[in-house]
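What follows is a set of notes on a single structure, which appears directly below.
The values are calculated or read from the model by the stated rules, or taken from the named source; none is laboratory data. No experiment lies behind these values; they were computed from the predicted model shown. With ideal geometry, Cβ positions are generated from the backbone for all residues, glycine too; neighbour counts draw on all protein chains shown.
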Amino acid sequence: AKRHQPGTVFTYTQDLEFLVRGEQQIEVELRSLNTDEDLDVRVQPVSDSTSGVILGGEVLVRWTSARLGPIPPQRFITIAERSSVIHRITLTVVKRALGILAQLPDHLSLAVNISASDLNSPDTIERVLSAVRDSGIDPSRLWFEVTETAVMHDVDAAIEALRMLRTAGMKIALDDFGTGYSSLSNLHRIPLDRVKIDQSFATDLQDNYSNSIALAVVNLCRTLGLSCVAEGVETPEQAAIFQSMGCEILQGYYISEPLPVSRFMEMLAEHDCT
Ligand code: C2E
Ligand code: CA
Ligand code: CA
Ligand code: CA
């Protein structure tokens with residue numbers, strides 16, 4: 001009987017219209033995106049789970065549209081992926097990462113996120129490779145994070161692109177592991193150096209079942225010779241559990257939220273990393 005209440009359906013339609021309109025507005029604003037001027041980045045530190053030493057960070061894009069205000073990356077990246085705008089965004093973030101790396105000591109590394117459509121664009125991969133070459137930065141200090149969903153989109157092209165990046169010396173991490181198309185068999189098909197355990201595992205750690213799965217993933221990484229990052233670590237308890245499991249690297253609000261570049265540099269100085 002409830003579904004015949006007139007107001008419910010109407011509200012739903014309005015919300016849907018609102019969402020679709022929002023999406024179209026973002027798409028329009030993205031067309032005139034000046035990646036150099038309009039995009040900003042934050043760096044979220046990652047640390048060694050045993051010593052607490054900062055090892056580097058993940059570079060995360062930020063966009064405040066002049067007309068629409070700040071838009072979360074999850075929202076605009078999905079829309080950007082429908083056109084070639086995503087390639088310009090990726091290239092901008094890669095160049096920012098290289099610029100930051102040039103100011104950091106050699107033992108620190110940074111990670112950037114790369115989309116499925118980037119992996120399917122030989123021209124984009126070529127531009128990434130030449131940006132890294134031109135920078136003179138040791139390529140092993142630059143990590144690319146890909147999701148399994150991105151790789152599965154066009155497996156052969158993605159694996160070929162990842163192989164090119166890796167042959168040039170860069171490192172590959174499998175992002176959000178344990179969600180989406182997650183399949184253990186992918187772990188040895190994809191050229192990989194590291195696995196990032198999705199933050200939903202940190203959230204569910206109190207539950208014995210999730211604990212066993214997280215531990216199995218950590219052990220599998222060790223067997224395959226892959227390093228392992230726990231994402232979304234928010235509490236000292238979660239940090240202690242991942243550390244005791246043998247997960248070497250932690251990322252999350254417990255270490256730090258994503259920081260403006262200058263704040264990230266200050267944090268490194270405070271931790272004697274510079
Ligand atoms: P991601 O790659 O999984 O990045 C981690 C996200 O989790 C970030 O959100 C980060 O701020 C958030 N986070 C970090 N620690 C914690 C924690 O302890 N608790 C909780 N609840 N969240 C935490 P952000 O920056 O909003 O980015 C969201 C997603 O947008 C990213 O997820 C990534 O998929 C995408 N993204 C961000 N920057 C880029 C980029 O430059 N290129 C591409 N292609 N995608 C990007
Ligand atoms: Ca990521
Ligand atoms: Ca992630
Ligand atoms: Ca995520």
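Within segment 123-133, does at least one residue satisfy the condition of being away from ligand 1 (no atom under 16 Å from the Cβ) and not in a helix (DSSP H, G or I)?
No, there is no match, as no residue in segment 123-133 is away from ligand 1 (no atom under 16 Å from the Cβ) and not in a helix (DSSP H, G or I).
Could you check segment 134-176 and list, in sequence order, the residues that are within 16 Å of ligand 3 (Cβ to nearest atom), not in a helix (DSSP H, G or I) and not β-branched (V, I, T)?
Across segment 134-176, the qualifying residues are W143, F144, E145, K171, A173, L174, D175, D176.
For residues that are more than 14 Å from S109 (Cα to Cα) and more than 16 Å from the chain's Cα centre (by Cα), scanning just segment 40-62, find the one that is surrounded by the most Cβ atoms within 10 Å (Cβ to Cβ).
S49
Identify all residues within segment 206-252 that are touching a strand residue (DSSP E or B) at 6+ places or on another chain (Cβ under 9 Å) and within 14 Å of ligand 1 (Cβ to nearest atom); write none if there are none.
Correct list: V229, A230, E231, G232, V233, Q238, A239, F242, I249, L250, Q251, G252.
Of all residues in segment 180-222, which are farther than 22 Å from V155 by Cβ and among the basic types (K, R)?
Scanning segment 180-222 gives a single hit, R222.
Among the residues of segment 86-106, is there at least one that is in a loop (DSSP other than H, G, I, E, B) and under 17 Å from the mean Cα position of the chain (by Cα)? Before the answer, list the steps.
Residues of segment 86-106 that are in a loop (DSSP other than H, G, I, E, B), as a first pass: 103-106.
Of the ones still in play, those that are also under 17 Å from the mean Cα position of the chain (by Cα) are none.
No - not one qualifying residue is present in segment 86-106.
Do the conditions hold for S140, that is, is it under 20 Å from G56 (Cβ atoms), in contact with a Leu (Cβ under 7 Å, 6 or more places away or on another chain) and polar (S, T, N, Q)?
no
Tell me yes or no: at least one residue of segment 15-26 is over 30 Å from S109 (Cβ atoms) and within 19 Å of the chain's Cα centre (by Cα). Reasoning before the result, please.
The initial filter retains those residues of segment 15-26 that are over 30 Å from S109 (Cβ atoms), namely 15-26.
Subsequent filtering for residues that are within 19 Å of the chain's Cα centre (by Cα) retains none.
No, segment 15-26 contains no residue that is over 30 Å from S109 (Cβ atoms) and within 19 Å of the chain's Cα centre (by Cα).
For segment 183-257, which fully contained strands (runs of 3 or more DSSP E) count at least 2 residues that are within 23 Å of A161 (Cβ to Cβ) and under 15 Å from the mean Cα position of the chain (by Cα)?
Numbers: elements: 194-197, 227-230, 249-251.
The qualifying strands (runs of 3 or more DSSP E) are 194-197.
Looking at (1) free of Cβ contacts under 8 Å to residues at least 60 places away in the same chain; (2) touching a Ser or Thr at 6+ places or on another chain (Cβ under 6 Å); (3) crowded, with 20+ Cβ neighbours inside 10 Å, which is the one condition that is false for D204?
Among (1) free of Cβ contacts under 8 Å to residues at least 60 places away in the same chain; (2) touching a Ser or Thr at 6+ places or on another chain (Cβ under 6 Å); (3) crowded, with 20+ Cβ neighbours inside 10 Å, D204 violates only (3).
Quick one: in segment 146-180, which of the residues that are over 20 Å from R127 (Cβ atoms) and touching a Phe, Trp or Tyr at 6+ places or on another chain (Cβ under 8 Å) is nearest to ligand 2 (Cβ to nearest atom)?
Within segment 146-180, the match that is nearest to ligand 2 (Cβ to nearest atom) is A173.
Which of the residues that make up segment 248-266 are away from ligand 3 (no atom under 14 Å from the Cβ) and either surrounded by 23 or more Cβ atoms within 10 Å (Cβ to Cβ) or at pLDDT below 95 (or both)?
F264
Among the acidic types (D, E) and either in contact with a helix residue (DSSP H, G or I) (Cβ under 9 Å, 6 or more places away or on another chain) or within 16 Å of ligand 2 (Cβ to nearest atom) (or both): does that describe D193?
yes
Within segment 51-85, which residues are assigned to a strand (DSSP E or B), touching a helix residue (DSSP H, G or I) at 6+ places or on another chain (Cβ under 8 Å) and within 16 Å of ligand 3 (Cβ to nearest atom)?
To start, the set of residues in segment 51-85 that are assigned to a strand (DSSP E or B) comprises 54-65, 69-71.
With touching a helix residue (DSSP H, G or I) at 6+ places or on another chain (Cβ under 8 Å) added as a condition, the list becomes 54, 56-57, 59-65, 71.
Once the filter is applied, which keeps residues that are assigned to a strand (DSSP E or B), touching a helix residue (DSSP H, G or I) at 6+ places or on another chain (Cβ under 8 Å) and within 16 Å of ligand 3 (Cβ to nearest atom), segment 51-85 yields G56, G57, V59, L60, V61.
T149 is checked against (1) surrounded by fewer than 15 Cβ atoms within 10 Å (Cβ to Cβ); (2) more than 24 Å from L192 (Cα to Cα) and fails just one. What number does that condition carry?
The one condition T149 does not meet is (2).
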